[in-house]
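Participant: Below is one structure. I have some questions about it.
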Amino acid sequence: MRAETPPFWWRPKAWQSLMLAPAAAVYGRVARRNLENGERADVGVPVLCVGNFTVGGGGKTPTAMALGRAALAEGLRPGFVSRGHGRASRGAVLVDPAHHSAAEVGDEPLLLASVAPTCVAVNRRQAAQKLLAERGVDFIIMDDGFQSARLAIDFALIAVDARRGLGNGAVVPAGPVRAPIIDQIRYADALLVIGEGDAGDAVIRQTARGNKPIFEAALEPENGARFAGLRVLAFAGIADPAKFYASLTALGAEIVESRDFPDHHVFSSDDMDELSASAWREGLQMVTTRKDAVRLATGSAAMQLFLKECEVLDVALGFAPQSLGARIIRDTRRAFRRRKFG
């Protein structure tokens, strides 16, 4: 979804959710049927899916990247499969960070491609087959796609932001939940709780009752020291800008101004002029996320010039314990062998 999610999704249920409840019931039935009867094509190699219960955010891409690095450390040749939200084409495209823009392949696939070969396609089966044929991968990691049920998944890891949780807990369009939670838990193999907070407690309890393991991780700044003491104008076009602002504040930055944009936002000339003028007027350093920086870096010459005025906060997902990534890779491979050979 390129559009900003409705604010009422992330507040306690109110009249908007009640009005949309009939539509949510229909959406939920279709989503349940898809989970139960999806194609689940076998592509001949282990498939690890990193998904979440809700629309947008949740830390899927940093988690997928961390698992890609763990697979490399295990001596595997991993490849990422992604839909590539907001991109111009629909067919299977192997991502080339040196030549593709975010408009062509999506911003998150460009981040994934910095770790391992990445293919984007609406049909994730086509993307996986292209990786197998042209890059010789032996381990597929899906960034999202849990609810689409297009591939046979050997391990489904569901990421939940501990601070954001499930919002109002209602199914789309009454809330951010992609399918009834009880149905999603049935097809999940484990829950990964990212960060600190109690917003995810309800789904943690439901997952525990389903006898599924619950893991922990945190997003850790990679270049945090440089932001201590900075007076900044922070801006972000991601699903949850508040998480980015909280990270900056924790690093000691003073956020004097902030600007929120919709997820996957393409910055216009007016956006960049307004941000730059505000920063110069108040003597602030502009700071943004790596995901926003990728869109700017692969955009127009004006976008690339604007990016030179900005600092970028890089974060990486750290598992607790650190060995958890390797464990998930091994569990996925064991599940694949059981599925193939009994």
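Participant: For the chain, what's the relative contact order in percent, using C-alpha pairs closer than 8 Å and at least 6 residues apart?
Facilitator: For the chain, the relative contact order is 22 percent.
Participant: Based on a Kirkwood Rh over C-alpha pairs, give the Stokes-Einstein translational diffusion coefficient of segment 219-271 at 20 °C and viscosity 1.002 mPa s in µm²/s.
Facilitator: Rounded to a whole number, D works out at 182 µm²/s.
Participant: Residue separation times 0.36 nm, minus the C-alpha to C-alpha distance between Glu274 and Arg77: what's the value?
Facilitator: So the chain would gain 66.5 nm between Glu274 and Arg77.
Participant: Send over the per residue convex hull volume for segment 276-335, Cα only, as a whole number of Å³.
Facilitator: Considering the Cα atoms of segment 276-335, their hull volume per residue is 116 Å³.
Participant: Sorted by packing (mean other beta-carbon atoms within 10 Å per residue), highest first, where do 279-288, 57-66 land?
Facilitator: Result, highest mean Cβ count within 10 Å first: 57-66, 279-288.
Participant: I've got another one for you. Hey, could you get me the Stokes-Einstein D for the chain, Kirkwood radius over alpha-carbon pairs, 37 °C and 0.692 mPa s, rounded to whole µm² s⁻¹?
Facilitator: Translational diffusion coefficient: 159 µm²/s.
Participant: If you don't mind, another one. Classify segment 55-144 as rounded, prolate or oblate, taking a ≥ b ≥ c as the square roots of the eigenvalues of its Cα gyration tensor: rounded when a/c is under 1.5, otherwise prolate if a/b is larger than b/c and oblate if not.
Facilitator: It comes out oblate by the Cα gyration axes.
Participant: Still on this structure: In terms of the Cα gyration tensor, with a ≥ b ≥ c the square roots of its eigenvalues, is segment 159-308 rounded because a/c is under 1.5, prolate because a/b exceeds b/c, or oblate?
Facilitator: The shape class here is prolate.
Participant: Select from Val294, Pro62, Ala121 the residue farthest towards the positive end of the dipole of the chain; place +1 on Cβ of Lys and Arg, -1 on Cβ of Asp and Glu, and compute about the Cα centre.
Facilitator: Final value for the positive-end residue is Ala121.
Participant: Okay, moving on. From Cα pairs below 8 angstrom and at least 6 apart in sequence, can you work out the relative contact order of segment 1-154, rounded to a whole percent?
Facilitator: 35 percent
Participant: If the reach is capped at under 27 angstrom between alpha carbons, list the lysines near Lys13, excluding any in the same chain fewer than eight residues apart.
Facilitator: The reachable lysines, counting only those whose Cα sits under 27 Å from Lys13, are Lys60, Lys243.
Participant: On to the next question. At 7 Å along Cα-to-Cβ for each site, give me the label-to-label distance between Lys212 and Arg29 in nm.
Facilitator: Spacing of the two 7 Å Cα→Cβ label points: 2.4 nm.
Participant: About its Cα centre, how strong a charge dipole does the chain have in debye, to the nearest 20, once Lys and Arg get +1 and Asp and Glu get -1 at the Cβ?
Facilitator: The calculated dipole for the chain is roughly 1700 debye.
Participant: Can you work out the Karplus-derived ³J(HN,Hα) for every residue in segment 101-113? Use 6.51 cos²θ - 1.76 cosθ + 1.60 with θ = phi - 60°, whole Hz, and x for glycine or proline.
Facilitator: The phi angles translate into 9, 4, 5, 7, 10, x, 6, 5, x, 5, 5, 4, 5 Hz.
Participant: Let me ask something else about it. For the chain, give me the percentage of DSSP beta bridges that are antiparallel, rounded to the nearest 5 percent.
Facilitator: Of the beta bridges lying entirely in the chain, close to 20 percent run antiparallel.
Participant: In sequence order, what are the phi-derived ³J(HN,Hα) couplings for segment 156-167 according to the Karplus relation 6.51 cos²θ - 1.76 cosθ + 1.60 with θ = phi - 60°, rounded to whole Hz, with x for glycine and proline?
Facilitator: Each residue's phi maps through the Karplus curve to give 10, 9, 9, 8, 10, 6, 5, 7, 9, x, 9, x Hz.
Participant: Next question, about the same structure. With the Cα gyration tensor of segment 1-62 giving a ≥ b ≥ c as the square roots of its eigenvalues, does the rule (a/c under 1.5 for rounded; else a/b larger than b/c for prolate; else oblate) give rounded, prolate or oblate?
Facilitator: It comes out oblate by the Cα gyration axes.
Participant: Can you list the aspartates and glutamates whose alpha carbon sits under 15 Å from that of Lys212, skipping same-chain ones fewer than 8 residues off?
Facilitator: Asp154, Asp183, Asp189, Asp201, Asp331
Participant: For a quick protection proxy, order the peptides 68-77, 210-219 by their average other-Cβ count within 10 Å, most packed first.
Facilitator: Peptide ranking by packing, descending: 68-77, 210-219.
Participant: Please give the Cα centre distance for segment 276-314 versus segment 1-50, rounded to the nearest Å.
Facilitator: Here the two parts' Cα centres lie 33 Å apart.
Participant: Further, regarding this structure: For the peptides 252-265, 115-128, what is the packing order when you average, over each peptide's residues, the other Cβ atoms within 10 Å and list the highest mean first?
Facilitator: Top of the packing list down: 115-128, 252-265.
Every read-out reported here was derived from the displayed coordinates using simple, explicitly stated rules and does not represent laboratory data. What you see is a predicted model, and the numbers here were worked out from it, not measured in a lab. Using ideal geometry, Cβ is built from the backbone for each residue, glycine included, and neighbour counts are taken over all protein chains shown.
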